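The values are calculated or read from the model by the stated rules, or taken from the named source; none is laboratory data. Computed from a predicted structure; not experimentally measured. So basically every Cβ, Gly included, is an ideal-geometry build from the backbone, and we count neighbours across all protein chains shown. Side chains included, ligands, DNA and RNA excluded: accessible areas come from the protein's heavy atoms. Shrake-Rupley method; radii C 1.70, N 1.55, O 1.52, S 1.80 Å.
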Amino acid sequence: MTSPGLRRLSTPRAAAVAGVLFALLFGTALVLIRLALPEGAEPGSQWLAEGSTNLKVAATIMPFAGILFLWFMGVVRDGLGRYEDKFFSTVFLGSGLLFLAMMFLAAGVGAGLERSDAAVHPDVASFGQMVLLAISKTYALRMAAVFMISLATIWLKTGLMPRWLVGVSYAVAVGLLLASDISMWLTLAFPTWVLVVSVLLLVRAGVIDVDRDD
């Protein structure tokens, strides 16, 4: 029996816009990090002097992107409703939180190096660059791929999302698993995927009316 004055919480219809904002902020942060650490550049302290502004902005953006990603996860889980499976949901939540924690760690390493005197300790700058790239490309993006695979599997078994989105999710996830170390530009596939999913959720919630006649 519900007590008088108490109301059941419900997810706002426009909450999926958090995914759109995450995609924009996270994509921007990735571009800034990539510009600060050019592809094929030698490790060392020289990249800090040239890309310190980019790293500073990326480190500032990342916490807000992380908050929006949590909202996105909440919206996606709410959409599963009674079809939620404990096994796949555990993998979905765990991989999403691990991805987020690793990206925070990578941003923290970049912010710390940007504030340090790298010219005095070039070895520290080189080590920090390798740690930042390894965390963001090798580990975080592979957790993002697991996040996509688990969610795509839920959609496949429940039919909650179109089959074409399931296929695209699997394809992008496999690409990230196998090729994320090749180029950091490939990591932009993840925020692009989140953007597509968020737009579909907004259409489903009626926030975006694709059938409206002019």
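Observations, loosely collected:
- Accessible surface of region 124-194, 1.4 Å probe, proportion on carbon and sulfur as whole %: 75 percent
- Cross-link reach is defined here as a Cα-Cα straight distance under 20 Å, omitting same-chain residues fewer than 8 places apart; for LYS56 the lysines meeting it are LYS137.
- Point-to-point label distance, ALA179-THR60, nm (Cα→Cβ direction, 7 Å offset): 3.4 nm
- With both labels modelled 7 Å from their Cα along Cα-to-Cβ, the ALA171 to ASP123 distance reads 4.8 nm.
- Sequence ranges 60-71, 146-157, ranked by mean other-Cβ count within 10 angstrom, highest first: 146-157, 60-71
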